[in-house]
Amino acid sequence: MEKSITAFMIQLFALVAGFSTAVFTVGAEKPNIVLIIADDLGYGELGFQGCTEIPTPHIDSIAKNGTRFTDGYVTCSMCHPSRAGMMTGRHQVRFGIEGNPPIKERNYGVPASEPMLAERLKKLSYTTGLIGKWHLGPTHELSPLRRGFDEFYGIHHGGHSFLPTSKQRTKGPLMRGDQEITEETYLTTALGREAVNFVDRHHRAPFFLCLSFTAVHKPLEATEADLKRFPEMKPGKRKTHAAMTVSMDDAVGKVLASLQAHDLEKNTLIIFISDNGGFRAIASRNTPLRGAKWNLFEGGNRVPFAMQWTGRIPAGKLYEKPVSALDILPTSVVAAGGTIDPAWKLDGVNLMPFLNGTDKGHPHETLYWRIGERQAIRHGNWKMIHDRALKRPALFDLSQDIGESTDLAGKNPEKLAQLKTLYERWAKELPPAQVDTKYGRL
């Protein structure tokens, strides 16, 4: 309501002063930015991705009221490197991050020389908060409060138990700011509570909220109440996974309701994405894609991805050209009124011209992946991949074979050679590949 009154007064002033009201509109306000990240959520696990087994109406509403990316990618099929690329807008391999750190490793993270999204938005007068998983540096110097976030509630490392009574091993304590805390509420519910609290306290000024869920990452733990929502399912991993997913959807719904209650929905850029694909150990499915977390097939790197910004991003639209998590930073910075300095050397692009139709081209003609000696490239609809499951580089036409079932390398040697050349040209820009160990933990 306050923003509506302010916008009306600005327009009234413009009329009296004789200026065009087109300059003084609600759209000229800095939008709030809400980035919602799921953890290990498979490509086929949401209603807007075609799932009929698990209801996710609140997350689905982001796609319904905005644009869904059919070909949305992350830069790695593992949490730490994927999030490093997402938060910097630069391919993480450029600054030496190719895989998840060993569990006992505590000296890892995105170097301070690589500014992150929260740091960019702080310079544009945003209040910033991270609720949930960080996994980008556990040391004091690289922790969230030193990387642009005003507030932090969550975990520094890769995972945490969900139930207060859990005996599952966790990788680190739950934190509020720099203080260790205990939580008596189911973790996903607690993250939703904290996110709503952040919106309630900062709704009068532009804010950036990163709600980074630990769901549906292991350990597989759900509340009895959520498990009872699936009486037709047999007890087991899939039922627990479904219960964890609906809990996350409930939390998203509460955040969306809070935005609506403060009349912020029309002036908020909302982004939903998973950090990588799902995998069998948590019963997460990537239907209809091949592969999963840890590898370079589509199931590891193509993820659920949607953006909503009422009046700015078309509602109910499918965008079928490849986009990347790298695009989140430049899109957000430009939306916030900033400009992209070429000196930043970003690999991501501002998606707004492509979404509103002013640019008919491709955000990315070519996308690249590297995990040690494993490599993949998508150029147009063609993809070359060299992964552990393959004896030699394979070639797929994704426009005809989204499941990567038919290797066309033998029939298309010229196309394979073209993609090899493109990949090698990109690789020359990078530091040497790190040793590729189990699961890419480098």
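Among all positions in the stretch 93-103, there is at least one residue which is among the hydrophobic types (A, V, I, L, M, F, W, C), surrounded by fewer than 18 Cβ atoms within 10 Å (Cβ to Cβ) and within 23 Å of W426 (Cβ to Cβ). When K234, K239, K218 are checked against the criterion of being within 22 Å of M86 (Cα to Cα) and among the charged types (D, E, K, R), K218 stands alone in meeting it.
At least 3 residues being among the hydrophobic types (A, V, I, L, M, F, W, C) is the threshold, and among the helices (runs of 4 or more DSSP H) wholly inside the stretch 280-359 those reaching it are 328-335, 352-355. Can you tell me which residue is most open to solvent (accessible area, probe 1.4 Å) among those in the stretch 117-128 that are in contact with a helix residue (DSSP H, G or I) (Cβ under 9 Å, 6 or more places away or on another chain) and assigned to a helix (DSSP H, G or I)? Applying the filter and picking the extreme gives R120.
Of P57, P102, which residue is at pLDDT 95 or above and out of contact with any Pro (no Cβ under 9 Å at 6 or more places or on another chain)? So the residue among P57, P102 that is at pLDDT 95 or above and out of contact with any Pro (no Cβ under 9 Å at 6 or more places or on another chain) is P57. Determine whether E373 is farther than 15 Å from E298 by Cβ, of a type in the set (D, E) and modelled with pLDDT of 95 or more. No; evaluated as a whole, the condition is false for this residue. Taken over the stretch 204-225, the criterion of being in a loop (DSSP other than H, G, I, E, B) and either farther than 20 Å from P164 by Cβ or of a type outside the set (A, V, I, L, M) (or both) is satisfied by R204, A205, P206, F213, T214, H217, K218, P219, E221, T223. Only one entry of I155, I131 meets the criterion of being of a type in the set (A, V, I, L, M, F, W, C), in contact (Cβ under 8 Å) with a residue 60 or more places away in the chain and within 29 Å of N32 (Cβ to Cβ), and that entry is I131. Within the stretch 258-284, restricting attention to residues that are surrounded by fewer than 23 Cβ atoms within 10 Å (Cβ to Cβ) and among the charged types (D, E, K, R), which residue is farthest from the chain's Cα centre (by Cα)? This residue is D263. Being open to solvent by 20 Å² or more (accessible area, probe 1.4 Å), modelled with pLDDT of 95 or more and farther than 19 Å from I328 by Cα is not true of E114. Considering the stretch 355-401, the residues that are open to solvent by 10 Å² or more (accessible area, probe 1.4 Å) and aromatic (F, W, Y) include one that is nearest to I328 (Cα to Cα), namely Y368. In the set (1) open to solvent by 10 Å² or more (accessible area, probe 1.4 Å); (2) farther than 27 Å from P219 by Cα, the condition left unmet by K167 is number (2). Among the residues making up the stretch 341-354, those that are of a type in the set (A, V, I, L, M) and crowded, with 17+ Cβ neighbours inside 10 Å are L346, V349, L351, M352. Within the stretch 143-150, none of the residues are over 21 Å from the mean Cα position of the chain (by Cα) and either assigned to a loop (DSSP other than H, G, I, E, B) or of a type in the set (S, T, N, Q) (or both).
Output yes when any residue across the stretch 226-243 is touching a strand residue (DSSP E or B) at 6+ places or on another chain (Cβ under 8 Å), open to solvent by less than 10 Å² (accessible area, probe 1.4 Å) and touching a residue at least 24 places away in the same chain (Cβ under 8 Å), and no when none is. Scanning the stretch 226-243, I find no residue that is touching a strand residue (DSSP E or B) at 6+ places or on another chain (Cβ under 8 Å), open to solvent by less than 10 Å² (accessible area, probe 1.4 Å) and touching a residue at least 24 places away in the same chain (Cβ under 8 Å), so the answer is no. When R68, R83 are screened for being open to solvent by 20 Å² or more (accessible area, probe 1.4 Å) and either among the polar types (S, T, N, Q) or under 15 Å from the mean Cα position of the chain (by Cα) (or both), only R68 passes.
The values are calculated or read from the model by the stated rules, or taken from the named source; none is laboratory data. Everything numeric here is computed off the predicted structure, so don't read it as measured data. Methodologically, a virtual Cβ is constructed for each residue, glycine included, from the backbone with ideal geometry; neighbour enumeration extends over all protein chains shown. Accessible surface areas use protein heavy atoms only, side chains included; no ligands, DNA or RNA. Shrake-Rupley method; radii C 1.70, N 1.55, O 1.52, S 1.80 Å.
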